[in-house]
Amino acid sequence: MKYLHTMVRVTDVDASLKFYCDGLGLQETRRIDNEKGRFTLIFLSAPGDESAQVELTHNWDPEPYGEGRNFGHLAYRVADIYALCQKLMDMGVVINRPPRDGHMAFVRSPDNISFELLQEGDALPSQEPWASMPNTGHW
């Protein structure tokens, strides 16, 4: 058995690609537009690691998606959690659980998919503004 990908539904392809690619640094590996089925599939992976992918599914006919709490989150190991959180915050992304401990943070995509960001290696030394930043919302 081999893990292939996780699928998440998205409502706005441009906003989602901005978050996933410009924000998190994932790269688009392939795209399928299915006119008969009226959907687009966009596969993303971390640079250098195409073995674990995220599939963004965009259904062309709008429908509301509830936030399913039975789905937990996607997790990525990152080189510098403070730098990534700052980059995301500068893009207008809310840092729901700031990396106060220099190790872990949570953010959400434009479609409320929860992401856990984990510092590679040892936790970074605690620093502001993260150390005193409160949680916002839920993750």
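The values are calculated or read from the model by the stated rules, or taken from the named source; none is laboratory data. Not measured: the values here are computed from a predicted model. As a convention, Cβ positions derive from the backbone with ideal geometry for all residues, glycine included, and neighbour counts pool all protein chains shown. Keep in mind that these areas ignore ligands, DNA and RNA; they rest on the heavy atoms of the full protein, side chains included. Shrake-Rupley method; radii C 1.70, N 1.55, O 1.52, S 1.80 Å.
A cut-off of 5 Å between modelled amide H atoms, ignoring neighbours fewer than 5 places along the same chain, links V78 with L118, Q119, E120.
Taking only Cα atoms, what is the 0 to 90° angle, nearest 10, from helix 81-90's long axis to the longest principal axis of the chain? Roughly 60 degrees between the two axes. Rounded to the nearest whole Hz, the Karplus-based 3J(HN,Hα) values (6.51 cos²θ - 1.76 cosθ + 1.60, θ = phi - 60°) of region 122-139 follow the sequence 5, 4, 6, x, 4, 8, 7, x, 5, 4, 10, 6, x, 5, 10, x, 9, 9, with x at glycine and proline. For region 64-139, trypsin sites (Lys or Arg not before Pro) are listed when DSSP marks them as loop and at most 13 other Cβ atoms sit within 10 Å of their Cβ; the list is R69. Across region 30-42, computed HN-Hα scalar couplings (Karplus, 6.51 cos²θ - 1.76 cosθ + 1.60, θ = phi - 60°) run 6, 9, 10, 9, 10, 5, 4, x, 6, 8, 10, 10, 10 Hz from first to last residue, x flagging Gly and Pro. For P47, neighbours were defined as the other residues whose beta-carbon sits under 14 Å from its Cβ, and their charges (Lys and Arg +1, Asp and Glu -1) total -4. The coefficient of translational diffusion for region 25-139, derived via Stokes-Einstein from the alpha carbon Kirkwood radius under 4 °C and 1.567 mPa s, stands at 82 µm²/s.
Restricting region 1-43 to chymotrypsin sites (Phe, Trp or Tyr not before Pro) that sit in a DSSP loop and have at most 15 other Cβ atoms within 10 Å of their own Cβ leaves Y3. What is the sum of charges, Lys and Arg at +1 and Asp and Glu at -1, for the other residues whose Cβ falls under 11 Å from the Cβ of L17? Summing Lys and Arg as +1 and Asp and Glu as -1 gives -2.
In the chain, a dipole from Cβ-located charges (positive for Lys and Arg, negative for Asp and Glu) runs towards its positive end, and of I81, T6, Q127 it is T6 whose Cα lies farthest in that direction.
Probing with 1.4 Å while keeping every protein chain in the model, the per residue accessible area of region 35-139 equals 55 Å².
For region 46-120, chymotrypsin sites (Phe, Trp or Tyr not before Pro) meeting the loop criterion (DSSP other than H, G, I, E, B) and having at most 15 other Cβ atoms within 10 Å: W60, Y65, F71.
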